[in-house]
1. Scan segment 28-55 for residues that are assigned to a loop (DSSP other than H, G, I, E, B) and in contact (Cβ under 8 Å) with a residue 40 or more places away in the chain and jot them down.
2. Output yes when any residue across segment 74-95 is touching a residue at least 60 places away in the same chain (Cβ under 8 Å), among the charged types (D, E, K, R) and either buried (at least 24 other Cβ atoms within 10 Å of the Cβ) or closer than 25 Å to Thr314 by Cβ (or both), and no when none is.
3. Ser188 passes all but one of (1) of a type in the set (Ser, Thr, Tyr); (2) without any contact (Cβ under 8 Å) to a residue 12 or more places away in the chain; (3) buried (at least 21 other Cβ atoms within 10 Å of the Cβ); which number fails?
4. If we scan segment 335-346, do we find a residue that is closer than 23 Å to Phe117 by Cβ and among the acidic types (Asp, Glu)?
5. Mind checking which pairs have a first residue in segment 142-160 that is closer than 13 Å to Glu336 by Cα and in contact (Cβ under 8 Å) with a residue 24 or more places away in the chain and a second that is open to solvent by 30 Å² or more (accessible area, probe 1.4 Å) and of a type in the set (Asp, Glu), Cβ under 7 Å, 6 or more apart or different chains?
6. Out of Val236, Val214, Val232, Val204, report the one residue that is of a type outside the set (Lys, Arg) and over 23 Å from the mean Cα position of the chain (by Cα).
7. In this structure, is Asn360 of a type outside the set (Phe, Trp, Tyr), at pLDDT 85 or above and surrounded by fewer than 22 Cβ atoms within 10 Å (Cβ to Cβ)?
Amino acid sequence: MIFSDILNITLPFKEPVIIVALVLLILLIGPVFFERIRIPSIVGLLLSGALIGQHGFNLAPSDLEFSLLGTIGLLYLMFLAGLEIDLIDFIENKSKSIFIGLAAFAVPFLLGYFICFTFLGLSVHASWLIGAMLSSHTLISYPLLGRLGIVNKSIVTIIVGATIIADILALVSMELITNFAEAGFEMSSLLILAMEFMLFFFIVLMVIPRISRVFLSKYEGDLGVQYIFVLVMLFVSSMIAYLLQIEPILGAFFSGLVLNRQIINSSPLYKRIEFIGNNLFIPFFLISIGMLANFKVYLEHPGEIGLALVLIATAVLSKFIAAYISKLVFRLSVHEGNLIFGLSVSRAASAIAIILIGYNSGIVNESVLNSTVILILITCI
C-alpha cells in the first residue's frame, strides 16, 4: 500500500507507457517461459492476457487502445493466412476445401442447435445463433505451422480454404437469424445481403489487384513504402467489408489472397510482413482475447459452469466429427485428419462477434456471452 502511494500507482494502469511496457515484457518473457514448461506460446499469451485482464490481476484495462491493437492483430492474422495460400494448389483441391468447409460448418451447427434447443431449453433463435457460433473457427494456431515447416503442405491450403467457407456460412447464418429475430423473414434482406457480397467481391478481387500491381511495380526497391501500401490495402479491404456489413476478417483474408501472387514468399517484403505480424500484432490479439476470460464467475456462481462445459464439449466434439468424416471421405492419413481438427477447433474472432451481436440483439444472455469467452480460451488451448 505504501509502495503504491509513493509511486502513485492505481490499478488498472492508465498510463500508455506502463501498459505498453507491460505487454512488451510479456511478449519477451512469456513465450520463452511457457515453452520451457511445454506449453505452446500461443496458449501462454492467452493465459497471460487472462492474468493481466480485469478478471485477473486487473493490471491492464480493456480500453479502446488495447482493443485497437487486438483488432489489428486479428486482421493481420487472417491477412497472412490469405497471403501464404497457394492458389494453384487451392484450385486443384477446391473440391476438398468445399467438402471439408461444409462439414466443418454443418456438423457443429446442427449438433449445437440440437443440444441447445433440446437439452438446454434455449429458444429457437438462441439455439440457431449458438450453432452458428460453434460452426465458425479461427486459424489461431496458423503461425505454428510456419515454425513446423508445413505451411506449404497441400492439406494446409485445403484447410485454409475450408475455413473461409465455414466462416462465411456461419456469418451468413448469423445475419439471417438476427434479421429474422428483429423483423421476421424477409426476402428483401436476403437480396440486399447477396448484393453486398457481390459488390465486396468485385472491389476486392477486381479493383485492388490492379492498383496493387501498378503500385508495387513502381516502388519495387522501396520496402518502407511497399509495406505501408500493403497495410493500406489490408485495412481498406477490411473497411469495405465493414461498410457493406460483412465481417472485416473476410476483407483481411481476401486482401491477402489477391496480393499473394505479387508478394513472393521468399521476398524481403514478405519476410518483413511476416516478422512484424508474428512478433507484434498477432501476439497483441492473443493477449486481448485472454483478457476477456472471467474465471471468477464460476467461483461465485458454480451452477453456470454447466453451460460452459456443454458448449465446450459440443465445440470440440463437433469439429472432431467433421474432421473424422473428411478423413474417411478423402482417405487422409491420421496426421492430416488431426491437422484438420487442430486448425478448425479453435474459436476466436467470428465466435465472439456472432455472440456479441446476439447479446446486443437480446437473443442470448450474459451467461452465454461469458461461456463463449471461456470456450474461446479452452478451444485455443
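The values are calculated or read from the model by the stated rules, or taken from the named source; none is laboratory data. This is a predicted model, so every value here is computed, not measured. Please note: Cβ atoms are built from the backbone with ideal geometry, for glycine as well, and neighbour counts cover all protein chains shown. Each accessible area value is taken on the protein alone, full model and side chains, heavy atoms only, with ligands, DNA and RNA left out. Shrake-Rupley method; radii C 1.70, N 1.55, O 1.52, S 1.80 Å.
1. Pass one, segment 28-55, residues assigned to a loop (DSSP other than H, G, I, E, B): 37-40, 53-55.
Within segment 28-55, Pro40, Gly53, Gln54, His55 qualify.
2. No - not one qualifying residue is present in segment 74-95.
3. Exception for Ser188: condition (3).
4. no
5. Correct list of pairs: Ile155/Glu336; Thr157/Asp86.
6. Values: Val236 fails: over 23 Å from the mean Cα position of the chain (by Cα); Val232 fails: over 23 Å from the mean Cα position of the chain (by Cα); Val204 fails: over 23 Å from the mean Cα position of the chain (by Cα).
Being of a type outside the set (Lys, Arg) and over 23 Å from the mean Cα position of the chain (by Cα) holds for just one of Val236, Val214, Val232, Val204, which is Val214.
7. Judged against the criteria, Asn360 is not a match.
Okay, residues lined up against (1) in a loop (DSSP other than H, G, I, E, B); (2) among the aromatic types (Phe, Trp, Tyr); (3) modelled with pLDDT of 85 or more; (4) open to solvent by less than 20 Å² (accessible area, probe 1.4 Å):
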| residue | (1), (2), (3), (4) |
| --- | --- |
| Lys271 | no, no, yes, no |
| Glu274 | no, no, yes, no |
| Asn279 | no, no, yes, no |
| Pro283 | no, no, yes, yes |
| Leu286 | no, no, no, yes |
| Leu307 | no, no, yes, no |
| Ile312 | no, no, yes, no |
